[in-house]
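**Q** Mind looking over this structure? Questions follow.
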Amino acid sequence: MAATLPNPIPARMKGVNRAEICDVNFVEFVKAWDGRPDARPAPHEAILDGSALDAQGFRELFESQLISRHLDLMARVLRVQNKVFYTIGSSGHEGNAMVARATRHTDPAFLHYRSGGFMAERFRKLPGMDPIMDSALSFAASKDDPASGGRHKVWGSKPLWVLPQTSTIASHLPKALGTAVAIETARRIGHALPIPDDSIAICSFGDASSNHATAQTAFNAAAWTAYQKLPAPVLFVCEDNGIGISVKTPTGWVANRFQHMQGLDYFFADGLDLATGYGDVQRAVEHCRRTRRPTFLHLKTTRIMGHAGTDFEIEWRSIEELCAVEATDPLLRSAAIALESGLMSKDDVLELYEATRKKCFAAAEEADRRPKLEKFEDVIAPLAPYTPAAVKTEAERADYAARRTEVFGGETKLPENQPPRHLAIQINNALHDLFAKYPDTLLFGEDVAQKGGVYTVTKGLYKAFGPRRVFNTLLDETMIFGLAQGFANMGMLPVPEIQYLAYFHNAGDQIRGEASSLQFFSNDQYRNPMVVRMAGLGYQRGFGGHFHNDNSIAALRDIPGLVVGCPSRGDDAATMLRTLMALAKVDGRVSIFLEPIALYMTKDLYEAGDGQWLTTFPAPGEAMTLGEGRTYGNGDDVVIISYGNGVPMSLRAARLIEQQHGWTTKVVDLRWLVPLNDNYIVEQAKNAKRIIVVDEGRRSAGVGEGVMTALAEGGLGATPLQRVVGTDTYTPLAGAAFLVIPGDDDIVAAADALARG
């Protein structure tokens, strides 16, 4: 006969620590047990009649649950002593340990922050690993933390294929689906996976998070994929505890929303009861692995001890409600199973409970003594790794002559043997070249395949390399980035296209919060190498309004670790792309190749027919160094610094300035916008009598501020300077556009202002 919780004790009053109450509840529950089991099950026998879980499995899952619980209790105690810096606990969610047991340690996992039980159980998959110590090091922000090196409290492990998430809500769902797609894509392109071919991707989240727009994006893309009968073995695990911080999920909402959703195969499991829930978890996992279809596991959980250590639920929930929730504690049910089955006695359970507590506190005290991150260099070391010599060698590597000759159709048709071409053609040539060099490269986005992109920049790639490497996606930038991360996780080199710079803002967090942060928060154990092609900037004769003439470069400059290159001419585009691909291959970096749309087809510079903006294709072996700019002229009466569309404008303006003022000029093309090469900027301007910074971004949010800061900090703050910049407005349609973005005349006017002193 099972024991019941004792009546509420006086301690259950306002102001009392609910974690202490849950702790006391467990001990009282076990002590009050008065059942008489018939026999003790053998390790291989079912823990209870009809259960798919055997006694040995139950014992290990129970131990994992206790580890998770005591890590939570320890964190609450030591937080007030500044020995622990994270208290979002897993209490009530310990049943997710069943998912870990039913899956493999080589199934990539993208986890909800309440995954202590999952992690403790997955640690069993490899010998010699200690979930308690590893977690304690992470809680303490120790430099020895094997997951993040002390940079964040994350659930992560390189050997266990748990890719670290930070304070994730739903932003990990697209890359989890992308990883599932990548697992299947690898076989089709002959790419060797770092995990078994029949692996699945696991992605857990809460019921409240399932409503997030980013989550809905992933569910929709999964259903879209299944509708086309394309394999995508992702196991979505919705851990439904019925509440998001303080907002309750309507009863039955998750089941009603997902049970009949086409394209997602729905399973339910009771995460509060190991004996009954395990079989259902196992069925969901086996279904996902066997069918390779997106699978939705609705796991019933609860949440006790509040959202985090700073959440005092007693201030907004009644005592009666709290007691009712605490009575659903899954550890109480697990203790009852242990006792009812005869597997453990009351003393056994309490001894294990207290021994686990002791281990957690001992690990925490040891972790507190371990070194912390105390040096700036140590903190940022994994943010943006760069090995210049290795990148240069890879970028200049040209050992694929036979393949590129085959791709281009013969020696005479190689792009370096053709006459000068404009920017769009040279980007296209560079992509063909790089696809020949890197057989694990994939290009995808909206309209990039048969059509060849909106501006035909990807024309011919689909025909040359086939639909397995060049393919269209659904119209969803978030999922495009999710796919890119998935392919990168599986060791491929993705080149996603975002049609316009403005479209990036629909999905920017996938780059800022996910792709670019992974190296930093995993201490460079995981990488997301990719080169994002993105058309943008203005000057398209006013066509399309702001969504096709967007200059919001500041959004890119605010992403730590990101590299942004912006060519203004075709030969620069080719050598820059070679370097970006090498940077991805060698150092695992995330970069954006920003293509000025208005210069795609530009042939002339000064007057019609001069052909001075056409360039020859650089032969293999030529590459551009990261941060290296280009200069035109060597005058020092006025130095004009710009990028993208501003470069040909500055060159035309420079010729007029030379004629009108008799000044010698130099035009500097930055080419690299993130990170800016401050030393290069100062070096090019150090002898300047006057400086003009031409920035097509907006006045309050462009590139110019960074250039001017570099000049000032480099000791050139006293040099007379003018800034030519866009207006703080959206770009209007037609001719009105040229009233708010810089032009040639604005640069000449800036020179006139400098001449007036």
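**Q** Check ALA367 against each of (1) under 29 Å from the mean Cα position of the chain (by Cα); (2) in the same structural domain as GLN525 (by TED's automatic domain parsing); (3) part of a helix (DSSP H, G or I) and name the one condition it does not meet.
**A** Of (1) under 29 Å from the mean Cα position of the chain (by Cα); (2) in the same structural domain as GLN525 (by TED's automatic domain parsing); (3) part of a helix (DSSP H, G or I), only one is false for ALA367: (2).
**Q** Please enumerate the residues belonging to segment 422-448 that are assigned to a loop (DSSP other than H, G, I, E, B) and more than 25 Å from the chain's Cα centre (by Cα). Break it down into steps so the answer makes sense when it comes.
**A** Going through segment 422-448, the residues assigned to a loop (DSSP other than H, G, I, E, B) turn out to be 422, 438-440, 446-448.
If the condition is that a residue be assigned to a loop (DSSP other than H, G, I, E, B) and more than 25 Å from the chain's Cα centre (by Cα), then HIS422 is the only one that fits.
**Q** Taking segment 733-747 only, how many residues are within 16 Å of ARG699 (Cβ to Cβ) and assigned to a loop (DSSP other than H, G, I, E, B)?
**A** 4
**Q** Which ones in segment 666-700 are assigned to a helix (DSSP H, G or I) and either touching a helix residue (DSSP H, G or I) at 6+ places or on another chain (Cβ under 9 Å) or not polar (S, T, N, Q) (or both)? Quick ask: steps written out before the conclusion?
**A** Of all residues in segment 666-700, those assigned to a helix (DSSP H, G or I) come to 678-685.
Residues satisfying the conditions are ASP678, ASN679, TYR680, ILE681, VAL682, GLU683, ALA685.
**Q** Given the options VAL748, VAL682, VAL693, name the one that is over 36 Å from the mean Cα position of the chain (by Cα) and at pLDDT 95 or above. Can you show your working first?
**A** Details: VAL682 fails: over 36 Å from the mean Cα position of the chain (by Cα); VAL693 fails: over 36 Å from the mean Cα position of the chain (by Cα).
Within the list VAL748, VAL682, VAL693, the selection yields VAL748.
**Q** If you don't mind, there's one more thing I want to ask. Every residue in segment 630-648 that is in contact (Cβ under 8 Å) with a residue 40 or more places away in the chain and outside any loop (DSSP other than H, G, I, E, B), please. Even if it seems obvious, please write down each step before you answer.
**A** First, pick out the residues of segment 630-648 that are in contact (Cβ under 8 Å) with a residue 40 or more places away in the chain: 630-631, 636-648.
Across segment 630-648, the qualifying residues are ARG630, THR631, VAL638, VAL639, ILE640, ILE641, SER642, GLY646, VAL647, PRO648.
**Q** Are any residues in segment 655-677 on the phi > 0 side of the Ramachandran plot and either outside the structural domain of GLY697 (by TED's automatic domain parsing) or in contact (Cβ under 8 Å) with a residue 40 or more places away in the chain (or both), and if so, which ones? Show your work before the answer.
**A** To start, the set of residues in segment 655-677 that are on the phi > 0 side of the Ramachandran plot comprises 662, 671.
Within segment 655-677, just ARG671 meets the criteria.
**Q** Of everything in segment 389-413, what is within 24 Å of LEU431 (Cβ to Cβ) and surrounded by fewer than 13 Cβ atoms within 10 Å (Cβ to Cβ)? Give them in sequence order. Explain how you work it out, then say what you get.
**A** Keep residues of segment 389-413 that are within 24 Å of LEU431 (Cβ to Cβ), which gives 390-413.
Hits for segment 389-413 are ASP399, ALA401, ALA402, GLU406, GLY409, GLY410, GLU411, THR412, LYS413.
Results for (1) assigned to a helix (DSSP H, G or I); (2) among the hydroxyl-bearing types (Ser, Thr, Tyr); (3) on the phi > 0 side of the Ramachandran plot, shown as yes or no for each residue.
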| site | (1), (2), (3) |
| --- | --- |
| VAL24 | yes, no, no |
| GLN56 | yes, no, no |
| ILE88 | no, no, no |
| SER91 | no, yes, no |
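**Q** Which residue, of THR441, THR458, is hydroxyl-bearing (Ser, Thr, Tyr), under 29 Å from GLY544 (Cβ atoms) and surrounded by 17 or more Cβ atoms within 10 Å (Cβ to Cβ)? Lay out the reasoning, then the answer.
**A** Details: THR441 fails: under 29 Å from GLY544 (Cβ atoms).
Only one candidate qualifies: THR458.
**Q** Tally the residues that are buried (at least 21 other Cβ atoms within 10 Å of the Cβ) and in a helix (DSSP H, G or I), restricting the search to segment 29-54.
**A** The qualifying residues number 2.
**Q** Being under 26 Å from ILE747 (Cβ atoms), assigned to a helix (DSSP H, G or I) and at pLDDT 95 or above narrows it down to one residue among ASP571, ASP610; which is it?
**A** Numbers: ASP610 fails: assigned to a helix (DSSP H, G or I).
Being under 26 Å from ILE747 (Cβ atoms), assigned to a helix (DSSP H, G or I) and at pLDDT 95 or above holds for just one of ASP571, ASP610, which is ASP571.
**Q** If you don't mind, another one. In the same structural domain as VAL682 (by TED's automatic domain parsing), more than 35 Å from the chain's Cα centre (by Cα), surrounded by fewer than 13 Cβ atoms within 10 Å (Cβ to Cβ) and part of a loop (DSSP other than H, G, I, E, B), is that true of ALA718? Talk me through it step by step, then tell me what you get.
**A** Working: in the same structural domain as VAL682 (by TED's automatic domain parsing): yes; more than 35 Å from the chain's Cα centre (by Cα): yes; surrounded by fewer than 13 Cβ atoms within 10 Å (Cβ to Cβ): yes; part of a loop (DSSP other than H, G, I, E, B): yes.
Taking the combined requirement at face value, the residue satisfies it.
The values are calculated or read from the model by the stated rules, or taken from the named source; none is laboratory data. Note that the coordinates shown come from a computational prediction; the quantities given were computed from them, not determined experimentally. For neighbour counting, all protein chains shown are included, and Cβ atoms are generated from backbone atoms with ideal geometry for every residue, glycine included.
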